[in-house]
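The values are calculated or read from the model by the stated rules, or taken from the named source; none is laboratory data. Bear in mind the structure is a predicted one, so any value in this text is a computation, not a measurement. Neighbour counts run over all protein chains shown; Cβ positions are idealised from the backbone, glycine included. Remember, those area values only see protein heavy atoms, side chains included, never the ligands or the DNA or RNA. Shrake-Rupley method; radii C 1.70, N 1.55, O 1.52, S 1.80 Å.
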Amino acid sequence: MINPKTPASPEVPPIWAPGIIGAPTPKPARVRDYWLGGSHHSAADRRLAEQFTLCAPQLPYLVRTHRDFLRRVVTRLVRDGVRQFVDLGSGMPTVGNVHEVVQRLAPECRVVYTDVDPVVVAESRELLAGDDRTVYLHADLLRPEEILDSPDLRGLLDLDEPVALLAIDVLHHVPDSAEPAELLTTYANVLGPACQVALSHTCRDEQLLDAIRLYSDIYHEALPECAFRSAAEVGDLLRGFELTEPGLVPIPLWLPDADTEPDQNPEYFSGCAALTRRR
Ligand SMILES: C[S@@+](CC[C@H](N)C(=O)[O-])C[C@H]1O[C@@H](n2cnc3c(N)ncnc32)[C@H](O)[C@@H]1O
């Protein structure tokens, strides 16, 4: 799964989002932006990125692979006529995030972003200022009613028209005790009979678990608990849905296109993805 392609250059363009310059507390969302080649990160974020990659050199490629699935799946959804998107656990909406991709294809597309982290939400709202076809909700995806009943969501989306629900690299933050399969069904029930759900999930493997242990040993800091699931367990999260072609597959094998970074052993990629419809 380790890909030799070099990560984003440290020679990044100037940081222009207010509040980020010199941010003393690093944020994984900005580390992600750094790995994706964006410009919304501080020296502290870059330092954390280097600490992570020392322990897990595969992480930048993992992040790029999830992001490329996001691009491919929302492109497919727009081509199928979907114009409304609800993105759970969005992180920073930079470098090829949902609104950039879908509004390039169909400017009328509307996007509801959500995240539980107030700093990520505040910085993201600054980045999205002036775009009246996106809103960014500060909400916990474990409380679907906060998102689904939000006046901002209801004001932006028409739930009589098709909506896609996106859960991209986020459900490892949802433990089994929070019943992620039931959560997805709750969202889909409210988002309407035409709701499609796109999901990508980082899978559990020994390399990743070793890297987490190594990080804690070197930096004396425990990382938050994550529910990295096997592909079979991810399949179980989707039991209320019907898989569309090509099914639940290793992410690089989900309809790769000419812009997809080639993976030498895609079948061994430790993360899976699917696009589903309601049954
Ligand atoms: C690994 S990042 C993925 C971000 C984005 N989906 C992407 O593909 O780039 C996970 C994000 O989920 C957010 N998150 C974690 N738990 C959450 C929760 N319970 N509700 C909403 N967002 C959550 C984190 O703050 C983080 O920004």
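Sorted by packing (mean other beta-carbon atoms within 10 Å per residue), highest first, where do 105-116, 130-141 land?
105-116, 130-141
Got a number for carbon plus sulfur as a percent of the chain's accessible area, 1.4 Å probe?
Using a 1.4 Å probe with all protein chains present, the chain comes out at 54 percent carbon and sulfur.
I need the shape label for the stretch 117-253. Rule: rounded when a/c is under 1.5, else prolate if a/b > b/c, else oblate, with a, b, c from the alpha carbon gyration tensor.
Cα axes put the stretch 117-253 in the oblate bin.
Students often check this: by mean Cβ neighbours within 10 Å, which of 29-36, 173-180 ranks highest, and how do the rest follow?
Listed from highest to lowest mean packing, they are 29-36, 173-180.
Would you work out the charge dipole size for the stretch 122-254 about its Cα centre, treating the Cβ of every Lys and Arg as +1 and the Cβ of every Asp and Glu as -1, and quote it to the nearest 20 debye?
The calculation lands at about 160 debye.
Just the number, please: percent antiparallel of the DSSP beta bridges in the chain, rounded to the nearest 5.
If I count the DSSP bridges inside the chain, around 40 percent turn out antiparallel.
Does the stretch 22-95 classify as rounded, prolate or oblate by the C-alpha gyration tensor (a ≥ b ≥ c root eigenvalues; a/c under 1.5 gives rounded; else a/b over b/c gives prolate, otherwise oblate)?
It comes out prolate by the Cα gyration axes.
Out of VAL78, CYS226, THR186, whose Cα points farthest toward the positive end of the dipole of the chain (charges: +1 Lys, Arg; -1 Asp, Glu; placed on Cβ)?
Final value for the positive-end residue is VAL78.
Taking the Cβ of GLU126 as the centre, find all other residues whose Cβ is under 15 Å away and add up their charges (Lys, Arg: +1; Asp, Glu: -1).
-2
Compute, for the stretch 179-233, the length of the dipole vector about the Cα centre, with Cβ point charges of +1 (Lys, Arg) and -1 (Asp, Glu) only. Units Debye, rounded to 20.
It works out to roughly 220 debye.
Given charges of +1 on the Cβ of Lys and Arg and -1 on the Cβ of Asp and Glu, with all other atoms neutral, how large is the dipole of the chain about its Cα centre, in debye to the nearest 20?
440
Rounded to the nearest whole Å², what accessible area per residue is found for the chain with the 1.4 Å probe?
About 46 Å² of surface per residue is accessible.
What nm value, rounded to one decimal, do you get for the distance between THR25 and SER177 when each label is placed 7 Å out toward the C-beta?
The answer from the label model is 2.4 nm.
Take the alpha carbon atoms of the stretch 219-246, find their center, do the same for the stretch 109-151, and report the distance between the two centers in whole angstrom.
Answer, in whole Å: 23.
Net charge around SER216, counting only other residues with Cβ within less than 13 Å of its Cβ (Lys, Arg = +1; Asp, Glu = -1)?
-3
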